[in-house]
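Q: Dumping the structure here so I can ask a few things about it.
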Amino acid sequence: MQTILITGCSSGYGLETARHFLANGWNVIATMRTPREDILPRSERLRILPLDVTSEASIAAVVKAAGPIDVLVNNAGIGVVGAFEATTMSHIRKVFETNTLGVMAMAQAVIPQMRARRSGAIVNVTSSATLAPMPLAAAYTASKQAIEGFTGSLAHELGYFGIRAKLVEPGYAPTTRFTQNTSVRIEDMIPEAYADFAAPIFAAFAQPALITRESDVAEAVWARSTTLQVNSAFRLARMRSRWQTRAEAIRARSASRRLERSGSEGYPCLTWRAWIMVEIVKPALEHLPSYKAALERGWSPDNVRLMEATREQLAAIEDDPVAFLASLDDPEARGGPITLPDGTQVPRLPGFRRWIWDGEASGSIAFRWQKGTATLPSHVLGHIGYAVVPWKRRRGYATQALRLMLDEARAVGLPYVEITAKPGNPASHKVILANGGKLVERFFEDAAYGGVESLRFRIEL
């Protein structure tokens with residue numbers, strides 16, 4: 001039976017996560033500054049322990065009392081909403097002591113035992129405030145953004161020992177004690193000079209389009225914790241050998257809410273939309289049935305050859321599924337030549353393909369490059385190409401998949417990547433621009449593609 005230690009269980013996400021794991025048969029160590037025995041159902045599998053994540057002695061005591069820990073969930077945190085100018089440095093230090101240094105201290109305390117066992121997971125709960133700029137939350141966002149970078153780097157070094165480091169990024173949750181879990185009043189954090197700026201923001205918070213529930217976060221933590229045993233050694237080996245950045249290890253977006261900004265007359269209007277867990281995964285046998293089902297529904301991963309490519313892939317899967325999967329990962333360009341739409345054959349470039357995944361196959365994204373240079377032959381339409389299944393478009397999947405693939409492109413060492421799109425495809429333009437792309441030229445594609453006009457975007461890495 002596995003054991004999970006969760007910080008910040010007195011209310012909100014931590015409390016609901018403790019309930020969720022307890023209901024699913026885990027041993028649960030629920031920690032909080034002041035233990036309360038009445039907030040969770042009594043169980044032989046539950047222990048409620050005192051913990052102050054800003055105290056080294058408290059951390060050491062709870063880790064010693066806990067015994068072997070399979071999953072650590074760093075959930076404890078304090079909020080701060082208001083103008084940065086009005087936020088005292090003493091309070092900012094307090095926020096960082098809990099939200100940032102407390103997370104690091106807890107991770108450091110459990111890593112030795114996980115390393116010795118060569119297994120385990122550390123799940124850090126941050127905030128969707130890290131996904132887009134959010135007003136009146138500068139210090140809070142900084143404290144959470146630090147953990148985003150920390151987790152990304154930590155995932156690499158811990159991956160060597162079979163330990164996973166992951167993120168869950170909740171959105172706006174009005175039913176939690178976020179605004180109460182602080183020693184300063186919001187009214188004191190909005191000076192008169194900021195009143196007109198803050199008014200529409202707080203009005204938007206009062207009427208959110210969508211919200212994050214405590215159960216959403218509990219389910220996301222569950223997903224991040226219970227998927228660790230699925231070919232984890234295989235995936236981590238690939239991560240080490242290919243420096244496969246944060247695609248699977250830390251981009252845990254399930255059941256969070258992504259912040260969008262829009263507005264009029266210079267005032268931001270905040271809305272929240274559901275952010276589904278989107279990853280790019282190295283194609284494997286466990287993913288193949290779902291990918292094959294998408295092909296059978298009429299989707300094509302190739303925006304040029306369309307259904308011809310779909311039929312070829314279905315036939316290859318039927319003939320030899322293992323060989324088909326191997327053909328999608330070819331960084332040494334050992335495969336045969338590529339056939340262009342006009343029948344011309346050209347040498348294969350180094351490259352690999354990842355599948356866009358939200359629990360099932362949602363699309364495909366490919367990356368290719370020419371060794372020793374960032375330039376590409378004229379017959380290659382960009383370093384990266386992607387296709388999302390029609391029934392999951394307009395959800396931000398392509399934007400997120402491209403962002404993750406850019407991490408892998410950086411690992412190859414390219415200074416930039418180029419992506420092409422047709423002038424009449426504004427959806428693709430939006431995806432590229434959202435990832436820092438800039439239009440560099442209008443051009444006519446190679447004759448093999450019909451010589452039609454296209455746009456070339458460049459993303460500096």
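The values are calculated or read from the model by the stated rules, or taken from the named source; none is laboratory data. Quick caveat, the model's predicted, so the values are computed rather than measured. Positions of Cβ are generated from backbone atoms using ideal geometry, with glycine treated the same way; all protein chains shown enter the neighbour counts. Quick note on the areas: whole protein, heavy atoms, side chains included, nothing else; ligands and nucleic acids left out. Shrake-Rupley method; radii C 1.70, N 1.55, O 1.52, S 1.80 Å.
Q: Which value, in debye to the nearest 20, gives the size of the charge dipole of the chain about its Cα centre, when Lys and Arg are +1 and Asp and Glu are -1 at the Cβ? Mind dumping the intermediate values first?
A: Numbers: 53 positive and 45 negative charges, 122 e Å.
I would put it at about 580 debye.
Q: Apply the Kirkwood formula to region 85-178: the hydrodynamic radius equals the inverse of the mean of 1/r over all pairs of different alpha-carbon atoms; give it in Å with one decimal. Display every interim value, and only then the final one.
A: Numbers: mean 1/r = 0.0696 Å⁻¹.
Averaging 1/r across every pair of different Cα atoms and inverting gives 14.4 Å.
Q: To the nearest 10 square angstrom, what accessible area does residue 16 show with a 1.4 Å probe?
A: About 50 Å², ignoring ligands and nucleic acids.
Q: Further question on the same structure: Structure shown: which of 166/282; 392/430; 292/392; 166/371; 144/166 lie over 21 Å apart, alpha-carbon to alpha-carbon? Please report the intermediate quantities before stating the final value.
A: Values: 166/282 18 Å; 392/430 16 Å; 292/392 16 Å; 166/371 32 Å; 144/166 14 Å.
Violating the 21 Å limit, Cα to Cα: 166/371.
Q: Please give the residues of region 375-395, grouped as numeric ranges, whose backbone N is less than 20 Å from a label point set 7 Å along the Cα-to-Cβ vector of residue 314.
A: Residues passing the 20 Å test: 387-392.
Q: For region 440-451, what does the Karplus curve 6.51 cos²θ - 1.76 cosθ + 1.60, with θ = phi - 60°, yield as ³J(HN,Hα) per residue in whole Hz, taken in order and with x for Gly and Pro?
A: 10, 5, 9, 8, 10, 5, 3, 4, 4, 9, x, x
Q: Same structure again: Which three lengths, in whole Å and largest first, does the chain cover when its Cα atoms are put on their principal axes?
A: Extents along the principal axes, in whole Å: 72, 56, 39.
Q: In what sequence, highest mean first, do 436-447, 1-12, 364-375 appear when ranked by Cβ atoms within 10 angstrom? Could you put the intermediate results ahead of the total?
A: Working: 436-447: 13.8, 1-12: 21.9, 364-375: 16.8.
Sorting 436-447, 1-12, 364-375 by mean packing, highest first, produces 1-12, 364-375, 436-447.
Q: Now for a separate question. State the Kirkwood hydrodynamic radius of region 302-437 in Å, one decimal place, computed from all pairs of distinct Cα atoms. Walk me through the numbers on the way to the answer.
A: Values: mean 1/r = 0.0628 Å⁻¹.
Taking the inverse mean of 1/r over all distinct Cα pairs, region 302-437 comes out at 15.9 Å.
Q: Give me the net charge of residue 343's neighbourhood, meaning all other residues with Cβ under 15 Å from the Cβ of residue 343; Lys, Arg count +1, Asp, Glu -1.
A: Details: positive: 305; negative: 308, 312, 342, 446.
After counting each charged neighbour, the total is -3.
Q: Now for a separate question. Counting only DSSP beta bridges with both residues in the chain, tell me the antiparallel percent, nearest 5. Show your work: numbers first, answer last.
A: Details: 42 of 64 bridges.
Roughly 65 percent of the beta bridges in the chain run antiparallel, per DSSP.
Q: Hey, what angle do you get for helix 397-412 against the long axis of the chain, alpha-carbon based, 0 to 90 degrees rounded to 10?
A: Result, in degrees: 80.
Q: What value, in deg cm²/dmol to 500, does the helix sum -39500 (n - 2.57) over DSSP H runs of n ≥ 4 give at 222 nm once divided by the residues of the chain? Walk me through the intermediate numbers first.
A: Values: 14 runs with 163 residues, N = 461.
Helix-only estimate at 222 nm: -11000 deg cm²/dmol.
Q: Could you state the number of Å between the C-alpha centres of region 21-83 and region 96-157?
A: Centre-to-centre distance over Cα atoms comes out at 16 Å.
Q: Amide H to amide H under 5 Å from residue 46: which residues, 5+ apart in sequence or cross-chain, H placed 1.01 Å off N in plane?
A: Distant-sequence amide H within range of residue 46: 28.
Q: Tell me which of 303, 377, 409 sits at the most positive position along the dipole axis of the chain, charges placed on C-beta atoms (Lys, Arg +1; Asp, Glu -1).
A: Of the listed residues, the answer is 409.
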